[in-house]
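This report refers to the structure that appears directly beneath it.
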Amino acid sequence: MRIATWNVNSIKAHLEQVSQWVKAEKPDVLCLQEIKCEDQAFPAPVFEELGYNCAVHGQKTYNGVAILSRFSIENVVRGLDGDANDDHARFLAATIPDGKKAVRVACLYLPNGNPAPGPKFDYKLGWMERLRVWALKEMQNEEPMVLAGDFNVIPSAIDAKNPKAWEKDALFLPETRAAFDRLQYIGLTDAFRSLHPGAPGHYSFWDYQAGAWPKNNGIRIDHLLLSPQAADFLQSARIHRDQRGNEKPSDHVPVEITLA
DNA sequence: ATGACATATGAGATATGA
């Protein structure tokens, strides 16, 4: 099963690029973040035409996540438990059976958290702990599980071209990285990093500003974290950096893994 | 230092992003 994640920075604004990529790459599952539209405005027919089922947890203007799948989408969960006041559409989970195995897939758009310190940073850290609690509970099933999405976390210095520039940023602060570590300590594996240990220069986001892309001034913040049962199937991980060079691109590119 | 750039809303300027 090939599973990809992509923060598309508005599905309406980048529908042509996303649909072209799906047509070319044909992932089995694609997790989308920042669709920035409500459920009924999601262009599901475009993807259904390409052979996909769609589950959408949308929101007007901000956030919004969706899962596309060539297989059926079952046991859908919309939103993350643990905070009744949280009305951001940032979390969507579903079980995807491919005929041989079933993979629990969580599509997530973790809060940015800037400026830090402040209420937005507190929200980010709280959200990360809620995600840890959710994932820990799911781990008890001892089944393949993938947490895929825009984590808004730079795990280590090698995941940024200029780590110094991010030292006071919510994406790279010690508290953020510690929360990401705690999430991994329940037994999750960073798919890309596990296959490319110590390799610098692999990024999934480049800012639109200040010529970040031509300077390759990027960061790796889009991740797929695997339960042990999913990690056992891990064959490859790939960042589709070429997508950032398209005309009018998203500022993120797809990250894809193969489980076989 | 602030803004640079991009998107949505809504029709100008502001909020958000990372």
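Using a 4.7 Å Cβ-Cβ cutoff, the cysteines of chain A lacking any partner cysteine are A:Cys37, A:Cys54.
Shape analysis of region A:162-230 yields a ratio of the Cα radius of gyration to the Kirkwood radius, Rg/Rh, of 1.00. Summing Lys and Arg as +1 and Asp and Glu as -1 over all other residues whose Cβ lies under 14 Å from the Cβ of A:Gly79 gives a net charge of -2. Each Lys or Arg adds one and each Asp or Glu takes one away; over the other residues whose Cβ falls under 13 Å from the Cβ of A:Arg104, this sums to -3.
Within region A:1-73, report the trypsin sites (Lys or Arg not before Pro) that DSSP leaves as loop and that have at most 15 other Cβ atoms within 10 Å. Hits after loop and neighbour filter: A:Lys12, A:Lys60. List the residue ranges in chain A for DSSP H helices whose C-alpha atoms run 18 angstrom or more along the long axis and whose Kyte-Doolittle average is -1.0 or above. Both cut-offs are met by A:119-139.
Taking 19 Å as the limit for the C-alpha separation, the pairs A:Lys124/A:Lys168; A:Lys12/A:Lys120; A:Lys120/A:Lys168; A:Lys12/A:Lys60; A:Lys36/A:Lys168 exceed it in the case of A:Lys12/A:Lys120; A:Lys36/A:Lys168. Legend: translational diffusion of region A:129-260 by Stokes-Einstein, Rh = Kirkwood radius over C-alpha pairs, 4 °C, 1.567 mPa s; D = 84 µm²/s. The local environment of A:Gly149, defined by Cβ-Cβ distances under 11 Å, has a net charge of -2 under the rule Lys, Arg +1 and Asp, Glu -1.
Ranking of A:Leu225, A:Leu80 by neighbouring Cβ atoms within 10 Å, starting from the fewest: A:Leu80, A:Leu225. Each residue in A:Phe121, A:Phe172 was given a count of other beta-carbon atoms within 10 angstrom of its own, and listing them fewest first yields A:Phe121, A:Phe172. Within region A:12-147, all pairs of alpha-carbon atoms sorted by distance into 10 Å bins from zero give the percentages 12, 40, 33, 14, 1.
Among A:Arg182, A:Arg78, the ranking by other beta carbons within 10 Å of each residue's beta carbon, starting with the fewest, stands as A:Arg182, A:Arg78. Rg and Dmax over the alpha-carbon atoms of chain A stand at 16.8, 47 Å.
Rule-based calculations on the coordinates, nothing more; no lab input. Here the structure is a predicted model, which is why all the values come from computation and not from measurement. Glycine also receives a Cβ, built like all others from the backbone with ideal geometry; neighbour counts cover every protein chain displayed.
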